[in-house]
Amino acid sequence: MGSVRGPGPTRVKRSVIAASALILSLSLAPRALADPTAEDRAAADVLFHEGRELVKQGSYALGCSKLIASQKLDPMAGTLLALADCYELNGETASAWATFNDAEAMARKAGDGRRTKEAGRRAGLLEPQLSRLVIEVAPEARVEGLEVRRNAKPLDAAMFGSAIPVDPGEHAIAAVAPGKKAWSTKVVVEPKPGQRTVHVPLLEDAPAPGPEAPAPAATSAAPAASSWSAQRTAGLVLGGVGLAGIAVGAVFGVETLSKMSEARDQHGCTDDDPPRCDAEGVKLHQSANTTANISNVAFAAGGAALITGLVVFLTAPSSDAVPATVLEVRLVPPARAGAAGLSLRGSF
């Protein structure tokens with residue numbers, strides 16, 4: 001679609017709100033090109049009305065997910081119009097623009113003049129407000145097997161150098177190729193007209209693989225002929241294992257909080273048990289539960305090892321005698337795949 005001269009951001013915002021009523025009336029009209037089962041139509045109707053109600057309440061992310069599900073069950077131009085309106089209200093301008101264009105094409109094919117005109121009008125108003133992202137890959141950087149990804153999705157090489165409309169926000173750009181070091185960066189696209197450019201550099205050669213290193217032996221502390229007895233050494237080792245366990249718990253705890261925040265902010269997940277959100281949000285919640293379990297187990301094991309090590313160290317005798325035993329301490333992951341947990345094993 002060619003460029004259309006449109007009003008400024010303030011007037012566009014007013015147009016979005018004013019057009020919502022028109023979008024609703026058009027989307028409630030009889031469906032076109034529908035070929036679902038009766039059950040599909042019934043489910044689509046429920047999802048559509050729930051989605052529109054959520055949009056009215058300002059729950060745009062969850063409302064959009066309902067409208068997407070409705071469109072999959074019973075495709076119609078009216079639902080696409082409602083979905084595009086939801087995207088625009090949620091600040092996803094590129095998604096809104098593309099969906100308005102899809103609605104226009106579907107309505108034109110169905111001979112629906114009202115929807116065709118409205119979808120084209122809304123797309124024309126939105127196009128001048130689009131944020132665009134250019135990913136430049138110099139010819140010398142286009143090595144064999146190069147794959148460039150945006151937000152984990154591979155890009156066709158034909159897109160290199162083109163100003164592609166994107167939704168405002170943070171975008172992760174990565175490049176990989178056989179025998180090369182992976183490269184990545186992040187760029188924030190502002191919610192305003194204009195474009196950002198990212199240059200993918202020539203990837204560095206990856207180091208040649210060396211011989212496989214032998215499996216690490218169990219942590220052992222051989223007694224030393226000094227004033228440090230074997231029991232004191234055992235206390236230090238146990239304390240080190242405890243600190244390592246606490247560190248693991250902290251890492252998985254931060255990861256859990258990040259996943260829960262992403263599920264809540266980007267996928268509209270509620271605090272119910274189980275949560276109400278879209279499919280991606282459910283996956284994030286399930287993953288967060290796993291990392292939370294690992295964090296709890298690591299904190300518990302680490303805390304126990306730290307306290308035990310402190311007791312062992314403080315109760316060690318002052319004798320310089322060297323016992324014939326050797327300390328062996330292991331922090332063992334669960335043997336069963338997918339299980340969350342850690343165990344501490346040791347012997348003197």
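A few notes on this one:
- Criterion violated by THR93 - all others in (1) within 18 Å of GLN266 (Cα to Cα); (2) touching a Ser or Thr at 6+ places or on another chain (Cβ under 9 Å); (3) without any contact (Cβ under 8 Å) to a residue 40 or more places away in the chain; (4) of a type in the set (S, T, N, Q) satisfied: (3)
- Any pair with Cβ under 7 angstrom, 6 or more apart, that starts in the stretch 98-123 at a residue that is closer than 9 Å to LEU80 by Cβ and touching a residue at least 60 places away in the same chain (Cβ under 8 Å) and ends at one that is among the charged types (D, E, K, R) and open to solvent by less than 20 Å² (accessible area, probe 1.4 Å): ALA107/ARG115
- A residue that is assigned to a strand (DSSP E or B), within 18 Å of the chain's Cα centre (by Cα), surrounded by fewer than 18 Cβ atoms within 10 Å (Cβ to Cβ) and of a type in the set (A, V, I, L, M) occurs nowhere in the stretch 115-137.
- Filter result for LEU80 (at negative phi, in contact with a Gly (Cβ under 8 Å, 6 or more places away or on another chain) and either of a type in the set (A, V, I, L, M) or modelled with pLDDT under 95 (or both)): no
- Count of residues meeting criterion [among the hydroxyl-bearing types (Ser, Thr, Tyr) and not in a helix (DSSP H, G or I)] in the stretch 248-297: 1
- Set side by side, the residues SER295, SER226 differ, and just one is in contact with a Ser or Thr (Cβ under 7 Å, 6 or more places away or on another chain), modelled with pLDDT under 80 and open to solvent by less than 80 Å² (accessible area, probe 1.4 Å), which is SER295.
- Of the candidates PRO207, PRO193, PRO211, the single residue that is over 30 Å from PHE313 (Cβ atoms), surrounded by 10 or more Cβ atoms within 10 Å (Cβ to Cβ) and either at pLDDT 95 or above or over 25 Å from the mean Cα position of the chain (by Cα) (or both) is PRO193.
- For the stretch 47-95, residues that are open to solvent by 30 Å² or more (accessible area, probe 1.4 Å), outside any helix (DSSP H, G or I) and touching a helix residue (DSSP H, G or I) at 6+ places or on another chain (Cβ under 7 Å) total 1.
- Close Cβ contacts (under 7 Å, 6 or more residues apart or on different chains) running from residues in the stretch 65-90 that are under 25 Å from ASP265 (Cβ atoms) to residues that are charged (D, E, K, R) comprise SER65/ASP278; LYS66/GLU50; ALA82/ARG52; ALA84/ARG122.
The values are calculated or read from the model by the stated rules, or taken from the named source; none is laboratory data. Treat the numbers as computed from the prediction; the structure is a model and nothing was measured. Here Cβ is always computed from backbone atoms with ideal geometry, including for glycine, and neighbour counts include all displayed protein chains. Ligands, DNA and RNA are stripped out before the accessible areas are found, and what is left, the full protein with its side chains, is counted by its heavy atoms. Shrake-Rupley method; radii C 1.70, N 1.55, O 1.52, S 1.80 Å.
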